[in-house]
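S.K.: Here it is: the structure, laid out below.
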Amino acid sequence: MAVIKLTKDKFENEVIKSDKPVLIDFSAVWCGPCRMVAPIVDEIAEENPLIKVCKVDVDEEPELAQAFGVSSIPMLVVVKNGKITASAVGARPKESIISLLDE
């Protein structure tokens with residue numbers, strides 16, 4: 001499944017009303033660790049049709065970043081049934097990101 005560019009206008013339909021777990025990647029184009037995580041997140045999206053993967057550019061969507069309390073990036077958040085079930089800050093390996101989905 002393709003990665004969804006998440007905006008505040010799409011948030012409710014794509015995340016809150018999702019019938020699948022949602023992995024959200026908060027990042028920015030200027031962030032080195034974010035660029036390291038981005039291809040891993042893309043790979044997870046392609047390999048896992050049972051989850052939805054979204055990306056939020058914190059510079060373009062400051063309201064969403066603020067709503068999630070993002071103070072450092074990259075920040076990964078898992079939302080299931082409209083509730084945050086896991087989050088992690090910083091670059092991490094694929095296995096670690098996938099384990100967030102199991103929490």
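The values are calculated or read from the model by the stated rules, or taken from the named source; none is laboratory data. Because the structure is a prediction, the values reported are computed rather than measured. Neighbour counts are summed over all protein chains in view; Cβ atoms, including those assigned to glycine, are modelled from backbone coordinates with ideal geometry. What goes into the accessible areas is simple: the full protein's heavy atoms, side chains included, and nothing from ligands, DNA or RNA. Shrake-Rupley method; radii C 1.70, N 1.55, O 1.52, S 1.80 Å.
S.K.: Pairs on different chains or at least eight residues apart, Cα atoms closer than 14 Å: how many lysine pairs in the chain fit?
M.R.: The number of close lysine pairs in the chain is 13.
S.K.: For the stretch 48-65, in order, what is each residue's ³J(HN,Hα) by Karplus, 6.51 cos²θ - 1.76 cosθ + 1.60 with θ = phi - 60°, in whole Hz (x at glycine and Pro)?
M.R.: 10, x, 8, 10, 10, 10, 10, 10, 10, 7, 5, 6, 8, 10, x, 5, 5, 4
S.K.: What percentage of the solvent-accessible surface of the chain, computed with a 1.4 Å probe over protein heavy atoms, is contributed by carbon and sulfur atoms? If you can, show how the numbers build up before the last one.
M.R.: Numbers: 2980 of 5560 Å².
The computed percentage sits at 53.
S.K.: If you don't mind, another one. Quick check: residue separation of E46 and I84 times 0.36 nm, minus the Cα distance between them. What number comes out in nm?
M.R.: Numbers: separation 38, 0.36 × 38 = 13.68 nm, distance 2.23 nm.
This chain segment gains 11.5 nm when fully extended.
S.K.: What ³J(HN,Hα) values, in whole Hz, does the Karplus curve 6.51 cos²θ - 1.76 cosθ + 1.60 give for the stretch 15-27 when θ = phi - 60°, with x put for Gly and Pro?
M.R.: So the J values, rounded to whole Hz, are 10, 5, 8, 5, 8, 10, x, 10, 9, 10, 9, 8, 7.
S.K.: Follow-up question, since we're still on this one. In debye, nearest 20: dipole of the chain around its Cα centre with unit charges on the Cβ of K, R (+) and D, E (-)?
M.R.: Values: 12 positive and 17 negative charges, 33 e Å.
It works out to roughly 160 debye.
S.K.: Further question on the same structure: Kindly give the semi-axes, whole Å and largest first, of the ellipsoid equivalent to the stretch 49-89, taking each as the square root of 5 times a Cα gyration tensor eigenvalue. Before the final figure, lay out the partial values.
M.R.: Numbers: eigenvalues 65, 27, 20 Å².
Over the Cα atoms of the stretch 49-89, the semi-axes work out to 18, 12, 10 Å.
S.K.: To continue, here is another question. Write down the accessible area per residue of the chain in Å², having rolled a 1.4 Å probe over the full set of protein chains.
M.R.: The answer is 54 Å² per residue.
S.K.: Through the Karplus equation 6.51 cos²θ - 1.76 cosθ + 1.60, θ set to phi - 60°, convert the phi angles of the stretch 88-94 into ³J(HN,Hα) values in whole Hz; use x for Gly and Pro.
M.R.: 8, 10, x, 5, 8, x, 3
S.K.: Go through the cysteines of the chain and tell me which have no other cysteine Cβ under 4.7 Å away.
M.R.: C54
S.K.: Under a 5 Å amide H to amide H cut-off, with H placed in plane at 1.01 Å, what residues pair with I4 once short-range neighbours are removed?
M.R.: V53, C54, K55
S.K.: Along each of its three principal axes, how wide is the spread of alpha-carbon positions in the chain, in whole angstrom units, largest first?
M.R.: The Cα atoms of the chain stretch 32, 29, 23 Å along the principal axes, largest first.
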